[in-house]
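A short worksheet on the structure shown next.
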Amino acid sequence: MKGKVAGMEYVFCDTGAELRETYAYLDRLEKYLGEPIVRLNSGKPFEYWLDVNSGYLPSPRARWCTKVMKIVPFENYVGDDIVHSYIGIRADENREGYVSTKTSIIPKYPFKEDGIRKADVMRILEKSGLGIPEYYQWRSRSGCYFCFFQQKNEWVGLLENHPDLFERSKKFEKVEPSQGKYFTWVAGRTLDHIEENKESIKEKAEAARAAKLARAKPSTLFELFGTAPVEVDDDPGDGCVVCHV
Ligand code: SF4
């Protein structure tokens, strides 16, 4: 295969818990780029790392998952080479993303530097023929199926699109008040609760989406009718850019 950008190497850190839609998009991306995407992993499944962390589920405040399943495999792969790491944070986002403590890994922010915003990214993907990932029909980011950065409505999306993965996510939760254990993916809520309340969660998300679109004054039909989901008000955070395609 002949690549589109000379000297560029593409790497994906696979936790083993990614969505099938993500793998499908990586395959499409490989074809488009004309280069293989190197798949890295930590050599151990999530269950192993959960045990190492005494059953404490990762959360926005304790993101051990990103470190052991994404950052360490990437840094090991890079070794001591001097590399430029291209980070896909857009000009309309106010965050830094993963910046390695290794001085040999130099962060680059091409979208920020060129003033590329969300609607521009959507246009680029549409124009290139690559399109947007299938998971955008129900989720605003890639990442692990159980990612705690999901909004409640995205958990409902997981339930409806991948009921087996929703059930698997439930099994990681531990609620044992007598032992002071309340390990859940969503702060203060179990996935059983999300399932029981799925219709009201969907209604609330739809109302928030409509209100946000009304405020957004879209300038193109794609922005108005594009399928990328609008983030709504129970968003638990910015997610981690190293995790998301
Ligand atoms: S996608 Fe979410 S759960 Fe997976 S490693 Fe990243 S932050 Fe952790």
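From most to least packed by mean Cβ count within 10 Å, the peptides 5-11, 135-141 give 135-141, 5-11. Highest average first, the peptides 40-53, 167-180 ordered by how many other beta carbon atoms sit within 10 Å of their residues are 40-53, 167-180. Nearest 500 deg cm²/dmol is fine: what mean residue ellipticity at 222 nm does the chain get from its DSSP H runs of n ≥ 4 alone, each adding -39,500 (n - 2.57), divided by its residue count? Computed ellipticity for the chain at 222 nm equals -11000 deg cm²/dmol. The charge dipole of the chain, taken about its Cα centre with unit charges on the Cβ atoms of Lys, Arg (+1), Asp and Glu (-1) only, comes to about 360 debye. The Cα center of the stretch 130-208 and the Cα center of the stretch 33-106 differ in position by 23 Å.
Ranked by the mean number of other Cβ atoms within 10 Å per residue, highest first, peptides 145-156, 105-116, 18-29 order as 145-156, 18-29, 105-116. Element breakdown for the chain at a 1.4 angstrom probe: carbon and sulfur atoms account for 52% of the accessible area. Size of the chain: Rg and Dmax of its alpha carbons, in Å, are 18.8, 60. Per the Debye formula with a single identical scatterer at each Cα and no solvent contribution, what log10 I(q)/I(0) holds for the stretch 28-122 at q = 0.10, 0.14, 0.15, 0.17 Å⁻¹? Listed by q, the Debye log ratios stand at -0.38, -0.73, -0.83, -1.02. An ellipsoid equivalent to the stretch 71-201, defined through the eigenvalues of its Cα gyration tensor, has semi-axes of 34, 22, 13 Å when rounded to whole angstrom and sorted largest first. Residues in the chain average 57 Å² of solvent-accessible surface per residue, probe 1.4 Å, ligands and nucleic acids excluded.
The values are calculated or read from the model by the stated rules, or taken from the named source; none is laboratory data. Predicted model only: the values in this text are computed from it and were never measured. Every residue, glycine among them, receives a Cβ derived from its backbone with ideal geometry; neighbour counts consider all protein chains shown. To get the accessible areas, we keep the full protein, side chains included, count just its heavy atoms, and leave off ligands, DNA and RNA. Shrake-Rupley method; radii C 1.70, N 1.55, O 1.52, S 1.80 Å.
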